[in-house]
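Take a look at the structure set out below.
Where a number appears in this text, it was derived from the coordinates with a stated rule and is not lab data. Computed from a predicted structure; not experimentally measured. Cβ sites come from the backbone with ideal geometry, for glycine too, and all protein chains shown count toward neighbours.
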């Protein structure tokens with residue numbers, strides 16, 4: 001069973017909802033991170049419909065925000081620029097555009113739907129982070145890259161097809177460098 005902070009109830013894994021925001025935290029500090037997410041997004045950004053879910057993965061929680069997840073990350077970055085030490089537990093925020101079943105077919109179809117976000121003259125790379133799955137990184141990378149008729153650039157791509165496999169569900173986005181908020185990187189850049 002998993003715990004839903006929004007409702008204060010435990011939910012069966014089969015009832016887990018789709019997510020459009022992935023939040024990283026220190027291992028075994030998920031409860032504290034969920035509280036911070038509720039404060040930052042639910043209270044400060046006034047997302048009354050925010051849902052925050054536990055995962056079976058230590059150091060990772062999922063969220064379904066009713067706001068644009070890219071705008072959430074942008075606004076959190078602005079807040080973190082001024083108050084980086086307010087983020088003690090929720091330290092990495094990744095916006096996700098689509099959430100699908102963790103099957104190669106569903107993942108490649110979702111990536112193909114996001115193709116219009118990569119201009120014909122743009123370069124791309126595929127980045128996969130996977131947890132609790134039998135799918136292999138290269139298997140996913142090759143299948144997704146095959147669906148994108150654009151030039152690959154592994155070192156300095158214009159866009160990154162970001163794939164987060166979290167057990168039975170996978171979140172996918174097309175991102176540019178600043179779309180992910182890493183509070184630790186912000187802190188490091190301060191010194």
Test of understanding: ordering 19, 89 by Cβ neighbours within 10 Å, fewest first, what list do you get?
89, 19
Evaluate the distance, in nm, between pseudo-label points positioned 7 Å from the Cα of residue 31 and of residue 103 along their respective Cα→Cβ axes.
3.8
For the chain, the longest principal axis of the Cα atoms and the Cα long axis of helix 104-113 enclose an angle in degrees, to the nearest 10, of 90
Say a paramagnetic label sat at a point 7 Å from the Cα of residue 146, along Cα to Cβ; which residues of the range 100-116 have their backbone N under 17 Å from it?
103-113
Most exposed first, judged by fewest Cβ atoms within 10 angstrom, 63, 99, 25 run 99, 25, 63
How far is helix 69-82 tilted, in degrees, relative to the longest principal axis of the Cα atoms in the chain, given as a value from 0 to 90 rounded to the nearest 10?
60
Give the relative contact order (percent, whole number) for the chain; include only Cα pairs under 8 Å separated by 6+ residues.
23
Rounded to the nearest 10 degrees, what's the angle between the helix 137-146 long axis and the longest principal axis of the chain, both from Cα atoms, 0 to 90?
60
How much of the DSSP bridge set in the range 98-175 is antiparallel, in percent, rounded to the nearest 5?
50
222 nm mean residue ellipticity, helices alone, for the chain (DSSP H n ≥ 4; -39,500 (n - 2.57); rounded to 500):
-7500 deg cm²/dmol
For the range 101-191, what does the relative contact order come out to in percent, with C-alpha contacts under 8 Å and a separation of six or more?
35
Counting only DSSP beta bridges with both residues in the chain, what percent are antiparallel, rounded to the nearest 5?
75
